């Protein structure tokens, strides 16, 4: 089985170098999304063993990763693993992917176990669920809890985080690549749901591990950028997957927007954060997807 890791880099020079150091020995493609901090040159100098693709502009998470996925497939990958540039993987990463694939030949995607980089024994992701009727893909299984062995079972989940997500060639052949209209956020959820729709499983793989700085490139999980894309794209994914009548659609939209406004209230700049959510709702209503 040939596994190729894809790392998308955008203005995170030191994070990217640390990520690639953890991936030594793993065939890796790096896509630099138009970084302005010297990331691409640093990768070329420090990690000549990886293939570096300079996109030249910020394509977004979905399109940038798709460049890497296509190249990984061209290189003959049976499985492509997305690894966030602000994450580092365990030493047995490649072996764990191969062993999990062997145990689950009907899987189309493996969702790795992800810890918080700043608190290495605390979980950030140990499985994710999605309820399109109310727009919920929120708090992940195990989030904030110490890894005491309670999350060591290989189980089916609705979605895996793009911070550490392995996808098979077969799955990509069936459903295609990440949805570039989403630009950033929720594209991993959408991809996994499409893989499940195609008759393949999304399996939580607790032996495939990484430590993640969580949205470092966008300023944190509650930044105004994160709030905008997450709100807008949640609306898009829900309404594509579970169309409702006009009245129920309005209620679902209100739930999604209200949930994100509550997050905005906890932001250091509440007004800017609330405006980002309102703008997300307006842009979605006007059919404006892609880059903000």
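Each reported figure results from applying straightforward, stated rules to the coordinates on display, with no laboratory input. Since the model is a prediction, treat every value here as computed from it, not as a measurement. We place every Cβ from the backbone using ideal geometry, glycine too, and count neighbours over all the protein chains shown.
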* Asked: Restricting attention to the alpha-carbon atoms of the chain, what are Rg (one decimal) and Dmax (integer), both in Å?
  -> 18.2, 57
* Asked: Label-point separation (nm) for residue 153 and residue 255, each offset 7 Å from Cα along Cα-to-Cβ?
  -> 2.6 nm
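Sorted from fewest to most neighbouring beta carbons within 10 Å, what does the list 28, 3 look like?
Values: 28 24, 3 20.
Final ranking by Cβ density, sparse to dense: 3, 28.
Quick check: residue separation of residue 45 and residue 136 times 0.36 nm, minus the Cα distance between them. What number comes out in nm?
Working: separation 91, 0.36 × 91 = 32.76 nm, distance 4.30 nm.
Extending this stretch completely gives an extra 28.5 nm.
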* Asked: Using the reciprocal of the averaged 1/r over all distinct C-alpha pairs, how large is the Kirkwood radius of region 12-150 in Å?
  -> 16.8 Å
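Before rounding to the nearest 500, sum -39500 (n - 2.57) across all DSSP H runs of length at least 4 in the chain and divide by the residue total; then give [θ] at 222 nm in deg cm²/dmol. All intermediate terms of the calculation are to be shown ahead of the outcome.
Values: 9 runs with 116 residues, N = 292.
Helices in the chain give a 222 nm mean residue ellipticity of -12500 deg cm²/dmol.
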* Span per principal axis, largest first, for the Cα atoms of region 224-285 (Å) -> 36, 16, 15
* Asked: Considering every Cα-Cα pair within region 11-87, what fraction, in whole percent, is farther apart than 19 Å?
  -> 28 percent
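Using only Cα atoms, what Kirkwood radius does region 155-206 have, in angstroms?
Values: mean 1/r = 0.0898 Å⁻¹.
About 11.1 Å, per the Kirkwood formula over Cα pairs.
I'd like the Kirkwood hydrodynamic radius of region 144-292, using the inverse of the mean 1/r over distinct C-alpha pairs, in Å. Walk me through the intermediate numbers first.
Working: mean 1/r = 0.0591 Å⁻¹.
Evaluated over region 144-292, this radius sits at 16.9 Å.
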* Restricting to region 12-165, what percent of DSSP beta bridges are antiparallel, rounded to 5? -> 70 percent
* Structure fact -> Helix 13-22: inclination vs the chain longest Cα principal axis, degrees, rounded to 10, gives 50 degrees
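Please find the FRET efficiency linking residue 289 to residue 198, where r is the Cβ-Cβ separation and R0 is fixed at 35 Å, and quote it to the nearest 0.05. Spell out each step's value before the answer.
On the way: r = 23 Å, r/R0 = 0.65.
Working from the Cβ atoms, E equals 0.95.
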* Structure fact -> Listed with the fewest Cβ neighbours within 10 Å leading, 182, 36 appear as 36, 182
